Structures are given as C-alpha cells and as structure tokens.
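To start, the structure under review is shown below, and the notes come after it.
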Amino acid sequence: MLIDSHCHLEYKGLVEDQAGILDRAREAGVGGFLNISTRESEWRQVVGTAEREGDVWASVGIHPHEADAHEDLGAEVLLKASDNPRVVGIGETGLDYYYDKSDRQVQRDLFRMHIGVARATGLPVIIHTRDAEDDTAQILAEEMEKGAFPALIHCFTASADFGRKVLELGLTISISGIVTFKNAAELQSVAAQVPADRLLVETDSPFLAPMPHRGKSCEPAFVRNTAQFVADLRGESFELLSEQTTGNFFRLFSKAVA
C-alpha cells in the first residue's frame with residue numbers, strides 16, 4: 001500500500017471527478033490520501049471530503065501565497081479548525097520567495113504561528129519552501145529551541161545542504177514527481193540518501209505529474225510512478241519502499257488511523 005501524503009483534492013483538475021480520481025488511485029494501490037488546504041475558505045470542503053471518505057485525511061493551514069489575505073488570522077482560529085478527528089496536519093505553510101505573492105515578513109510571522117499550533121496540538125506542520133532556504137532553516141532552528149514539534153518538508157526541491165539541516169532538526173522529507181524529471185539530478189541524489197525512516201512520497205496533485213505522465217493533470221494514482229522511481233534510485237524493491245513510506249506516514253501523522 002502507498003500513501004499520497006500531499007494532494008489537493010478540491011482543486012480544479014481533481015474536484016470535477018473526485019470519486020473517479022480516488023477510485024483510480026485505490027486501484028493503483030494507494031490506500032490513503034492527505035488532502036491539503038491552502039486558505040481558510042477551503043477548510044470546510046477539505047475536511048468534508050475527509051469526513052466522507054474513510055481513507056482521506058485533511059490538513060488546515062495557510063499557504064505562503066495566501067499570507068497577505070490571512071495576516072490577521074489568529075492561532076485560536078487554526079487551533080479550533082484542527083480540533084476535528086479528520087484533521088491530522090497543520091499546513092501547508094512556509095515561505096515562498098520565488099513568486100513573492102505575499103509580504104515576506106507576513107509569510108514568516110504566519111509560518112511561526114503555524115509552528116506554534118503544531119507544537120500545541122502535536123500535529124505535524126507541512127512546510128512549503130521555495131527560494132527561501134536560509135530563512136526557513138533559521139526559523140525551524142529557532143522554533144525547535146523553543147520546543148520540539150513534528151514537521152516535514154513537502155515536495156522537497158531544495159539543496160542537499162538544506163536537506164541535511166532539516167534532517168538534523170528531526171524533520172521528514174517528502175518527494176514528489178519532480179524527482180523523475182531529467183533535470184532533477186541533485187534531487188535524485190537527495191532522494192537516494194534520505195534515511196529510510198524519514199521519507200515520504202506525494203503527488204502534490206493536480207500539479208507536477210511524474211514521468212511518464214508529465215504534461216498531464218496529476219492524479220494521486222501517479223504516486224506509484226514516483227515511488228517506483230525512488231525505489232530504483234535507492235536500490236530497493238518497490239514493495240519495501242511502499243512499506244517504509246506508509247509506516248513513516250502513520251508514525252508522523254499519528255492522528256490518522258491506518
């Protein structure tokens with residue numbers, strides 16, 4: 001069994017045929033899905049899908065692109081939203097200096113707020129970081145000194161040095177279909193070396209379809225292609241990698257029930 005540890009089932013490209021998307025993934029051996037939210041207005045829909053589908057779980061959080069629109073969102077709002085049996089993670093949150101769609105200081109403040117909620121609830125914080133390695137690493141290190149919290153870097157595309165730093169802080173690394181791209185040599189090297197107990201796989205669907213589906217709308221079923229590619233990189237069997245990453249998911253997202 002595989003888990004798609006990061007997908008957006010309410011996004012255009014998936015929501016129009018959500019039942020069919022889920023059925024195709026289940027037929028491909030995907031036994032669980034983490035449905036990720038990016039803005040407050042979609043929390044109810046994201047959680048509703050998780051309440052309706054027994055193998056789907058939800059996260060609540062604010063993507064860095066949406067930070068300016070949620071500058072005044074208080075921790076209490078996020079804490080209340082997370083107090084649902086189907087909500088197993090906080091995020092996605094983090095820093096995105098590539099697109100700079102929100103003020104950087106607002107992004108940093110909201111990121112720290114999410115971490116505080118993760119620390120208070122024990123739920124993992126799901127981190128997006130792009131072109132912001134130094135600030136992300138600094139915030140994580142500073143916040144860990146205040147008290148440990150579970151966390152992962154989703155859709156890891158950062159440098160090997162950043163990977164080393166977050167692993168030293170105790171984080172998990174999740175690999176998306178980007179690892180299958182021809183120009184992803186550094187990411188492939190990182191994926192081959194992540195400790196077996198710190199590795200997850202994801203689609204980030206409907207984005208970033210892996211080879212041989214590149215150019216199509218990505219579906220959770222395609223996590224199988226990514227997992228097979230990563231297994232080959234690591235010199236492991238597909239079955240072993242599936243078992244390891246599924247176990248890692250349920251250890252990290254301990255509120256989810258296998």
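Computed from the coordinates by the stated procedures, all read-outs in this text should not be read as laboratory data. Given the structure is predicted, the values throughout are model-derived calculations rather than measurements. Cβ sites come from the backbone with ideal geometry, for glycine too, and all protein chains shown count toward neighbours.
Quick notes on this one:
- Candidates VAL223, VAL117, VAL60, ranked by Gaussian network fluctuation over the chain, Cα under 10 Å, top entry: VAL117
- Residues ILE36, ILE173 arranged by fewest to most Cβ contacts within 10 Å: ILE173, ILE36
- Using the rule -39500 (n - 2.57) for each DSSP H run of four or more residues, divided by the residues of the chain, the 222 nm mean residue ellipticity is -12500 deg cm²/dmol.
- Relative packing of 237-247, 15-25, which averages over residues the other C-beta atoms within 10 Å, highest first: 237-247, 15-25
- Sites listed here are chymotrypsin sites (Phe, Trp or Tyr not before Pro) in region 39-116 whose DSSP assignment is loop and whose Cβ has at most 11 other Cβ atoms within 10 Å: TYR98, TYR99.
- Added length on full extension, which subtracts the Cα-Cα distance from 0.36 nm per residue, ALA148 to TYR97: 15.8 nm
- Look at where the Cα atoms of region 107-167 and of region 30-84 average out, and the two centres are 18 Å apart.
- Residues whose amide H falls under 5 Å from that of VAL201, counting only those 5 or more places apart or on a different chain, are SER5, ILE175, with hydrogens built in the peptide plane.
- Using the Karplus relation 6.51 cos²θ - 1.76 cosθ + 1.60 with θ = phi - 60°, the per-residue 3J(HN,Hα) values for region 148-158 come to 5, 8, x, 7, 9, 8, 8, 6, 4, 9, 7 Hz, with x marking Gly and Pro.
- Least to most buried among LEU73, LEU123 (fewest other Cβ within 10 Å first): LEU73, LEU123
- Distant-in-sequence amide contacts of VAL125, defined by a placed amide H-H separation under 5 Å and a gap of 5 or more residues or a different chain, comprise ILE90, ALA151, LEU152.
- Computed about its Cα centre, the charge dipole of region 2-252 is approximately 400 debye, with only Lys, Arg, Asp and Glu carrying charge at their Cβ.
- On the basis of the beta-carbon distance and an R0 of 25 Å, ARG214 and GLU236 show a calculated FRET efficiency of 0.60.
- Contour excess over end-to-end distance, with Cα ends at LEU169 and ALA141 and 0.36 nm allotted per residue: 9.4 nm
- Counting beta carbons within 10 Å around each of VAL257, VAL190 and listing the fewest first gives the order VAL257, VAL190.
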